[in-house]
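Since the structure comes first, as structure tokens, the remarks are kept for the end.
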């Protein structure tokens, strides 16, 4: 590394001096050697190397200090963004750098790129360790989601704080038992000062035990997993039913069009068949639409506030609503003649308590905080019935990616705003007090979660990188975890680490630039060997 720095300094100095005294031959070389304390022959070699490097119009810029700095920034940024984040291979990165003609000034061979990527992989976990060590100690209550993802013979355990998106754990393990989960998660939770208030997962026994026994909190079911269980039973069956009715309708239409010479009786029969087929198709389409509405309504039931009435809900009322949706879907299946062979509705009903527990845990959390703060009854009522609904529906409106849901949430938010403005209680609060409660309310609504979809998204991202590249190693996975926590930013410009710890951290890429050192120098490539299959090479006798 020191040799590279010295060579770069000589390169810049020689380039500057040669431009000033060009054309003076050996005297110029000797003068330059005296300036940088090098022999004339050494300066001559450097000069000839410089001439060989400057093959392109832009080459002169790379010889300057500004050009060399920018070139280093370019290469490290490409390695970080595409090599680490997007799992692009060293061969492809080497080809790219050769295409933009910088291989005369920097070593960009596949081996050189691989070494740079390995150095980044080793540095990134150090950055996370330094950042976590610099955070103030304390207890942070969190809602966690846990899941496993599988790639060939590899299994990765993923544990995420849902509010901030911070990956608490990403670990390659041999099994997914409770003991393995707990032994991997407990040290991380202690190091981060996280106290788990609620845990969400699929209904794997080890994950339920991890929440109840390991984290000592309630285990909530993932609402979208339960919807998927019902959709596996009915979605395809109703789709086939509609497709069959559509084929029958088309056949009846074609029969009337193709057969021109028909008796009046035959024509009436075909028209009756067409009308019957159209009614069957309309009924199948109506049933399918109603099924989709009821399936989506399952998720809409799991809210701490009613979207129509803006009133607060509780675990019991949510359970009643979910049972209502279960009966409606069951009735649709019976009327359509679709048997529940795999007891999908029985499994769903068994999880109603785990789905409604999200509401109970969240409201208990709210009431516990207000009780600890010794908030009076009137203020508690205003917070729970007026302020929190406004903040909650506003948060959901901007969070959802579904256009129809966004419209429904906007309507619920507008109704909540009208109730909020009609209540005169807020007029008696000072500006600072109102801002305090708004900040608390915004933090509180971000703690409500009903699914582990963020972890599913992370699993999908890992799957994409695994299959597009050459697999995942422990070092690369650790580096990707750091990039997720400290490198990726939401629309508000915050990283997951900033949202979890509530404090800013240094830019991870800027830190990497300061730690990576000098870039490798180019070397003369090996001559390509053209093999001749007609020549037998063997040991001479």
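The values are calculated or read from the model by the stated rules, or taken from the named source; none is laboratory data. Remember, it's a predicted structure, so these values are computed and weren't measured experimentally. As a convention, Cβ positions derive from the backbone with ideal geometry for all residues, glycine included, and neighbour counts pool all protein chains shown.
Listed here are the residues, each with its yes/no results for (1) out of contact with any strand residue (DSSP E or B) (no Cβ under 8 Å at 6 or more places or on another chain); (2) closer than 30 Å to residue 221 by Cβ.
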position: 392; (1), (2): no, yes
position: 397; (1), (2): yes, yes
position: 401; (1), (2): yes, yes
position: 411; (1), (2): yes, yes
position: 434; (1), (2): yes, no
position: 443; (1), (2): yes, yes
position: 447; (1), (2): no, yes
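Counting residues in region 452-466 that are in contact with a helix residue (DSSP H, G or I) (Cβ under 7 Å, 6 or more places away or on another chain) and either closer than 23 Å to residue 495 by Cα or outside the structural domain of residue 300 (by TED's automatic domain parsing) (or both) gives one or more. Check off (1) out of contact with any helix residue (DSSP H, G or I) (no Cβ under 6 Å at 6 or more places or on another chain); (2) modelled with pLDDT of 80 or more; (3) closer than 30 Å to residue 248 by Cα for residue 288 and give me the number that stays unchecked. The one condition residue 288 does not meet is (1). Quick one: would you say residue 112 is buried (at least 17 other Cβ atoms within 10 Å of the Cβ) and under 30 Å from residue 503 (Cα atoms)? No: the conditions fail for residue 112. Residue pairs whose Cβ atoms lie under 6 Å apart, sitting 6 or more positions apart in sequence or on different chains, and linking a residue in region 421-433 that is under 18 Å from residue 380 (Cβ atoms) to a partner that is surrounded by 10 or more Cβ atoms within 10 Å (Cβ to Cβ), are 423/386; 425/382. When the criteria are applied in full, residue 90 fails the requirement of being surrounded by fewer than 17 Cβ atoms within 10 Å (Cβ to Cβ) and under 25 Å from residue 481 (Cα atoms). Scan region 388-419 for residues that are part of a helix (DSSP H, G or I) and touching a helix residue (DSSP H, G or I) at 6+ places or on another chain (Cβ under 7 Å) and the total you get is 18. The set of residues from region 438-487 being outside any loop (DSSP other than H, G, I, E, B) and closer than 21 Å to residue 228 by Cβ comprises 453, 454, 455, 456, 457, 458, 459, 460, 461, 462, 463, 464.
For first residues located in region 275-304 and closer than 14 Å to residue 223 by Cα, partners that are at pLDDT below 90 and outside any helix (DSSP H, G or I) and lie 6+ apart or on another chain with Cβ distances below 8 Å form the pairs 300/307.
Looking only at helices (runs of 4 or more DSSP H) that fall completely inside region 1-102, which ones have 3 or more residues that are over 30 Å from residue 121 (Cβ atoms), modelled with pLDDT of 75 or more and out of contact with any strand residue (DSSP E or B) (no Cβ under 9 Å at 6 or more places or on another chain)? Where helices (runs of 4 or more DSSP H) fall fully within region 1-102 and carry at least 3 residues being over 30 Å from residue 121 (Cβ atoms), modelled with pLDDT of 75 or more and out of contact with any strand residue (DSSP E or B) (no Cβ under 9 Å at 6 or more places or on another chain), they are 59-63. Being on the phi > 0 side of the Ramachandran plot and touching a residue at least 24 places away in the same chain (Cβ under 8 Å) is the filter here; which residues of region 355-381 pass it? Hits for region 355-381: nothing passes.
Against the test of being surrounded by 13 or more Cβ atoms within 10 Å (Cβ to Cβ) and at negative phi, the options 272, 328 yield a single qualifying residue, 328.
Rundown of residues vs (1) surrounded by fewer than 21 Cβ atoms within 10 Å (Cβ to Cβ); (2) touching a residue at least 60 places away in the same chain (Cβ under 8 Å); (3) within 20 Å of residue 332 (Cα to Cα), yes/no style:
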residue	(1), (2), (3)
178	yes, no, no
181	no, no, no
193	yes, no, no
201	no, yes, no
215	no, yes, no
231	yes, yes, yes
239	yes, no, yes
242	yes, no, yes
246	yes, no, yes
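Among residues belonging to region 127-159 that are part of a helix (DSSP H, G or I) and in contact with a helix residue (DSSP H, G or I) (Cβ under 8 Å, 6 or more places away or on another chain), point out the one that is nearest to residue 460 (Cα to Cα).
128
Against the list (1) surrounded by 15 or more Cβ atoms within 10 Å (Cβ to Cβ); (2) touching a strand residue (DSSP E or B) at 6+ places or on another chain (Cβ under 6 Å); (3) at pLDDT below 95, the condition residue 465 fails is (2).
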